[in-house]
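The values are calculated or read from the model by the stated rules, or taken from the named source; none is laboratory data. It should be emphasised that the depicted structure is a prediction, and the values quoted were computed from it without experimental measurement. Cβ: placed from backbone, ideal geometry, glycine included. Neighbour counts: every protein chain shown. Accessible surface is based on the protein model in full, side chains and every heavy atom, while ligands, DNA and RNA are left aside. Shrake-Rupley method; radii C 1.70, N 1.55, O 1.52, S 1.80 Å.
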Amino acid sequence: MKTPTLICSEAFSIFLHKHCPVVAERFSPTPWCWGGRLQTLVFAFFKSRPPVTYRNELIRTGDGGQISLDWVDNEASAAYPESSTRPTVLILPGITGNSQQPYVLHAVSQASRRGYRCVVFNNRGAAGEELLTPVTYCAANTSDLECVVQHVRGLYPKARVLGAGVSMGGMLLLNYLARKRRESGMVAGLTISVPFDAQASSVSMEEPLNWLLFNKVLAMGLCRTVRKHRKILEKVVDVDYVLKSQTIREFDERFTIVQFGYKSCTEYYRDASPGKKLPSTAVPILCLNAADDPFSPQRAFPLTIIQSLPNVALLLTAHGGHIAFLDGLFPRGETYMDRLFGQFIQAVFDHPEDLNQACGINEEPMS
């Protein structure tokens, strides 16, 4: 049992301790589920799924593609009865995830009970919708996210938007925030189990046990998406060759870099890695990571960079695995990760001036 380490400026730390008391709690992993790999596996197979009813919307992109958005409008919100000003939480799932993942459902539950609107950005082809163009997604390409943010802001221009990204969704969010700077259209960002360095993540995931437990399974999930959309994707890639991929790196070599014009995986992973881009971000950001995360090795955490920034905080737990952070004897319900999610989004929306002052932001970010 140990209090998580909070790495950030003193002012940001004071804000978080005041408005997110969970950061000062001792995190005690589930006693029979201590290690990072076991935490990750138990979460994947046993986490509960809160009931959520979505309203689906398909939006078109500039290249003729379409993106599936799943909304929880929360029209019964007592805290924010006026739809036009109801704060919005935009959720970005992981590499093979969508709005039905348990961690997304719990995040939506946390946000909804506080009166906020939620919208889940499902990557192209990942949520059952038809792939209209031979283009999917990757961690470095933020054009679809930009399209989604513009759409959400266009519908509710008076509503504040917070971006929350999980794993690869966190990479995408941080890359977007770094690219757009003060024109991101968001008031803050939250990431969970984000890989800061894609190359280091790939090396860690190719360790024999990690390959067997996680890497191979994720590669199979990516291949399933390609197989499902085979007819249109075979126009641009050798689908049979892609489907033989046994690792994420092999999939990226045979599919991702071909799709997005990279010369090599090394080039793609460098572009996809958000760690060194954090100095370009211009909104408050909180990152939750575990030191024993097999997907995001601790050696690659950009600690020196984060320590130098007024607007970025890293909350680091000794245990917790990847998108898990299970505590309590029977960790099917709300966990440490879920409590932090709920408290931080409420802190952002309830105390915007205090947060901006703590992070050295003098005015509202531009839309």
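Just a few scattered comments:
- Per residue, the chain exposes an accessible area of 40 Å² to a 1.4 Å probe, with every protein chain left in place.
- Per residue, the average separation of C-alpha pairs within less than 8 Å and at least 6 apart gives the range 160-296 a relative contact order of 39 percent.
- Options A219, T85, T256, ranked by Cα towards positive dipole end of the chain, top entry (Cβ charges): A219
- Cα gyration tensor, the chain - rounded (a/c under 1.5), prolate or oblate: rounded
- Taking I248, I67, I14 in turn, the Gaussian network model of the chain (Cα-Cα springs below 10 Å) assigns the largest fluctuation to I14.
- Largest mean-square fluctuation among K277, K235, K47, in a Gaussian network model of the chain whose springs join Cα atoms under 10 Å apart, belongs to K235.
- Apolar share of the accessible surface for the chain: 53 percent from carbon plus sulfur atoms, 1.4 Å probe.
- Computed from the C-beta positions of R182 and V217, the FRET efficiency with R₀ = 45 Å rounds to 0.70.
- Pairs of Cα atoms nearer than 8 Å and 6+ residues apart set the relative contact order; for the range 164-241 it is 24 percent.
- Nearest-0.05 FRET efficiency for R227 and S28, computed from C-beta distance (R0 41 Å): 0.45
- Taken along the Cα-to-beta-carbon direction at a fixed 7 Å, the label points for N56 and A318 span 4.6 nm.
- The L329 and N362 beta-carbon pair, evaluated with R₀ = 51 Å, returns a calculated FRET efficiency of approximately 0.65.
- For the chain, size of Cβ-based charge dipole, Lys and Arg +1, Asp and Glu -1, in debye: 400 debye
- Here the Gaussian network model covers the chain, with springs between Cα atoms less than 10 Å apart; of T256, T53, T266, T53 fluctuates the most.
- Proximal aspartates and glutamates relative to K47, as straight alpha-carbon distance under 14 Å, when same-chain residues fewer than 8 apart are discounted: D327, E334, D338
- If you count Lys pairs in the range 198-272 whose Cα atoms are under 18 Å apart, skipping same-chain pairs closer than 8 places in sequence, the total is 4.
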